[in-house]
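Asks: Please read through the structure below; I'll follow up with questions.
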Amino acid sequence: MPRPAPAAPARTVPPAPGSPAAGLRHPVALVRWLWAAYGTPGAPGRPTGESELRWVYAAWLGAFLLKMVGSSWDVSWHFKWLRDDLAPPHLLNSAGTAVVIGLVLFHSYTGYGVDRRALRLMQWGIATFLVAIPIDIVNHRVNGLDITSWSPSHALLYVGTAVMLAGAVRGWWLYAAPGRVRDLVSLGLWLFFVENVVFPNQHQEYGVLSLRAYEAGATTAEQQLLDFAAAQGQTPTTFMLPVPSWVHPAWLVCAGLLSLVVARRATGLRWAATTVAAVYLGYRAAVWLGLVALGFPPSVLPLVLLVGAVCVDLAVTRGLPGWSAAPATAAAVYAAAWLQDAAGLLPPWNWSWWSIALVVAGSTALWTAGDLVAGSRAYAAWLRPVEPGRTAGPALAGAPADGGAPTR
């Protein structure tokens, strides 16, 4: 009678480093731990310990911090110098993108820290971003553009970034244990999401001061950049402020504030929108000081975003529907913008009645549509995790006992 095959020995996983600082002090041990803990294939939804989960999503935060700093520097850079594919801000942004690619490959291979829907968002997002990069390069080569945030190729970059961030937000919120850490990391991910949404408006926020300096005879742009624009048949105005004056307020109210509404509702934190907007503006102010100190052009800051964020938090906390909250929020933003414009610290806004009416109507329609989606059965079903790997494979230390998302 044949003897039964011996049981496979249990896989031993060394303990995780106690903190990021401890891991960085011992990089060899850190790499060994990562390989031993995560070096096996699996399906989305595999049980993951809290410590390991925090390490993975700390890497997501670090990756998008690199991308955000690189992008912020890139805008100011392009108002001073000619475009260069290997410019330092591009390289910094590319470093963050490389980390994101590694993280998406990790989630795809192991199935840790994501459900199937979060993983698909990450995969589709990074795929869209990577497809947009060569399209953007070709666009600059063919059309001779040096900078415009408002181009189809850049729109693909923003969409790809938003989709991959949505996947990271979903994965973290599903699997992180409730508490302060989960809230802080969620706010960090939403900060990057909102920054990506309002990023295109930076063209006007830099352009208004660059044009003002040019007209005063103290241009912040190098002569080669001005010559390049002239060779394209562009005036300084069309180069520095290339879109109509209704675009900045429409995008800030209809896209920027609506992203804050989603962040407030998704996190459930009372002052989530205000916190995200305040940290974003604080970051922009710090970057402003650093770039100006290095000789790069300055920008105005969209301070009205904070007014809108406070209104968003108050409206959601009091349960106001979009059809009433959106017009009131838009009115408060336009009132604050009038004061900022009077101080000369705002890009050109269209103050005609039809422009304001369209922005208010658009914001109201979008907010109301969001209310309908949030209350639908389809959305409730979409929120539930899809976990083919929930019972496959051994759980790592500290994983939820049921192998899935922690109960909330």
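Asks: Any residue at all in the range 299-315 that's part of a helix (DSSP H, G or I), among the hydroxyl-bearing types (Ser, Thr, Tyr) and touching a residue at least 40 places away in the same chain (Cβ under 8 Å)?
Replies: Scanning the range 299-315 turns up no residue that is part of a helix (DSSP H, G or I), among the hydroxyl-bearing types (Ser, Thr, Tyr) and touching a residue at least 40 places away in the same chain (Cβ under 8 Å).
Asks: Now for a different question. Looking at the range 39-91, which of its residues are touching a Ser or Thr at 6+ places or on another chain (Cβ under 9 Å) and within 14 Å of Val185 (Cα to Cα)?
Replies: Val56, Ala63, Phe64
Asks: With the checklist (1) free of Cβ contacts under 8 Å to residues at least 60 places away in the same chain; (2) buried (at least 21 other Cβ atoms within 10 Å of the Cβ); (3) part of a loop (DSSP other than H, G, I, E, B) in hand, flag the one item Gly217 doesn't pass.
Replies: It fails just one condition, (2).
Asks: Would you say Asp227 is in contact (Cβ under 8 Å) with a residue 40 or more places away in the chain and assigned to a helix (DSSP H, G or I)?
Replies: So Asp227 fails the test.
Asks: Condition first: surrounded by fewer than 22 Cβ atoms within 10 Å (Cβ to Cβ) and either without any contact (Cβ under 8 Å) to a residue 24 or more places away in the chain or of a type in the set (D, E, K, R) (or both). Now tell me which residues in the range 250-282 satisfy that.
Replies: Arg265, Gly268, Arg270, Gly282, listed by residue number.
Asks: Quick one: Val197 ticks every box in (1) β-branched (Val, Ile, Thr); (2) assigned to a helix (DSSP H, G or I); (3) farther than 23 Å from Leu281 by Cα bar one, so which box is it?
Replies: It fails just one condition, (3).
Asks: Taking the range 230-250 only, how many residues are in a helix (DSSP H, G or I) and at pLDDT 90 or above?
Replies: Adding up the residues that qualify gives 4.
Asks: Search the range 136-152 for residues that are under 16 Å from Thr237 (Cβ atoms) and part of a helix (DSSP H, G or I) and pair each with any residue that is modelled with pLDDT of 75 or more and of a type in the set (Lys, Arg) when their beta-carbon atoms are under 6 Å apart and the residues are at least 6 apart or on different chains.
Replies: none
Asks: Related question: Within the range 370-408, which residues are at pLDDT 80 or above and in contact with a helix residue (DSSP H, G or I) (Cβ under 6 Å, 6 or more places away or on another chain)?
Replies: Within the range 370-408, Asp371, Val373, Tyr379, Pro385, Val386 qualify.
Asks: Within the range 163-183, take every residue that is of a type in the set (A, V, I, L, M) and buried (at least 19 other Cβ atoms within 10 Å of the Cβ) and give me the one that is farthest from Gly113 (Cα to Cα).
Replies: Val163
The values are calculated or read from the model by the stated rules, or taken from the named source; none is laboratory data. Given the structure is predicted, the values throughout are model-derived calculations rather than measurements. In this analysis, Cβ positions are derived from the backbone assuming ideal geometry, glycine residues included, and neighbour counts consider all displayed protein chains.
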